[in-house]
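The values are calculated or read from the model by the stated rules, or taken from the named source; none is laboratory data. What you see is a predicted model; the values in this text were computed from it and never measured. Cβ: placed from backbone, ideal geometry, glycine included. Neighbour counts: every protein chain shown. With ligands, DNA and RNA removed, areas are computed over all heavy atoms of the protein, side chains included. Shrake-Rupley method; radii C 1.70, N 1.55, O 1.52, S 1.80 Å.
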Amino acid sequence: LGTSLDGLAVGDAERVLLRAAARAMVVGTEEHVPYGWTHTLTMSQAALAVARQSLDPQLGIDVAGTYVVGMLAALAEGPLPAEVTLTSSDGSFGDAVTAGREAAAGWVWNAPDDAVADLRTELATRASARRDAHVVKYVLACLDQAAADPEAERLYLAAAAALLGHWEPIHEADDPLAAPLGDAQR
C-alpha cells in the first residue's frame, strides 16, 4: 500500500477498501467466497469502524488496508477489475439465488430500481434462514455498507446476493424458505 492511504479521511478509505472487498466477492474465485472474500469485507469494515473512534484513525485505516490487500494477494488470481459488469438473469430473485453466485449477483446488479427496497428485506430474510451466523454477519455488513455508501449500493447488495447464491445449491435441502411446509410449520 505504501502511502496510498496516508491522509485519507476514514470515509474516503472506506469507499476505496470496502468497494474492492465487495468486488472480490462478486468477481473473485468461487473457492474463496465463503470465508476469504467474506472476511475481506467484514474484517476491514470492523477496523474502519474502530478508526472512526480512534485518536489515530490512520492506524485503523492501515489495518483495514492490510486486510484487503493481504486477502487479495493471498487469494486473488489477478487484479480486480476497476468496474464490475454482471449479466442479468431471468426470473425472480429466488430463481437467481438457486442458480448460483453469478446469477444472484447479476440479478441484483440489473434489478429495476423499484425492486431494491424489497431486495434488502429478502437478502436479510434469506441470510437469517440459513441459520449460519457467518452468512448473517456478511449480509448485514453489506446492507450496512450499502446504506453508508449509496453510490455503490448495488455493488454491496450484489455481493450479499453472491454469497447467498454460493450457499444455496450446497444447503438447498436445509432451506426453510424452499422446503414444503411440514405439519409443525402450518
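Observations
- Candidate membrane-span-like segments in the chain, meaning DSSP H helices with Cα atoms spread over at least 15 Å of their own axis and a Kyte-Doolittle mean of 0.5 or above, are 10-27, 57-75, 133-148, with no membrane implied.
- Residue 29 paired with residue 117, simple spin-label distance in nm, labels 7 Å along Cα-to-beta-carbon: 4.2
- Only helical runs count toward this figure. For the chain, summing -39,500 (n - 2.57) over DSSP H runs of n ≥ 4 and dividing by all residues gives -21000 deg cm²/dmol at 222 nm.
- The residues of the chain have, on average, 50 Å² of accessible surface per residue, using a 1.4 Å probe with all protein chains present.
- Normalised by 2.2 N^0.38 Å, where N counts its residues, the alpha-carbon radius of gyration of the chain equals 1.05.
- Choice from 140, 59, 17 with maximal GNM fluctuation in the chain (Cα, 10 Å cutoff): 59
- Listed residues 16, 33, 68, most fluctuating in the chain (Gaussian network, C-alpha, under 10 Å): 16
- Note on the chain: with charges restricted to the Cβ of Lys and Arg (+1) and Asp and Glu (-1), its dipole about the Cα centre is near 340 debye.
- Accessible-area composition of the chain, carbon plus sulfur, in percent [1.4 Å probe]: 55
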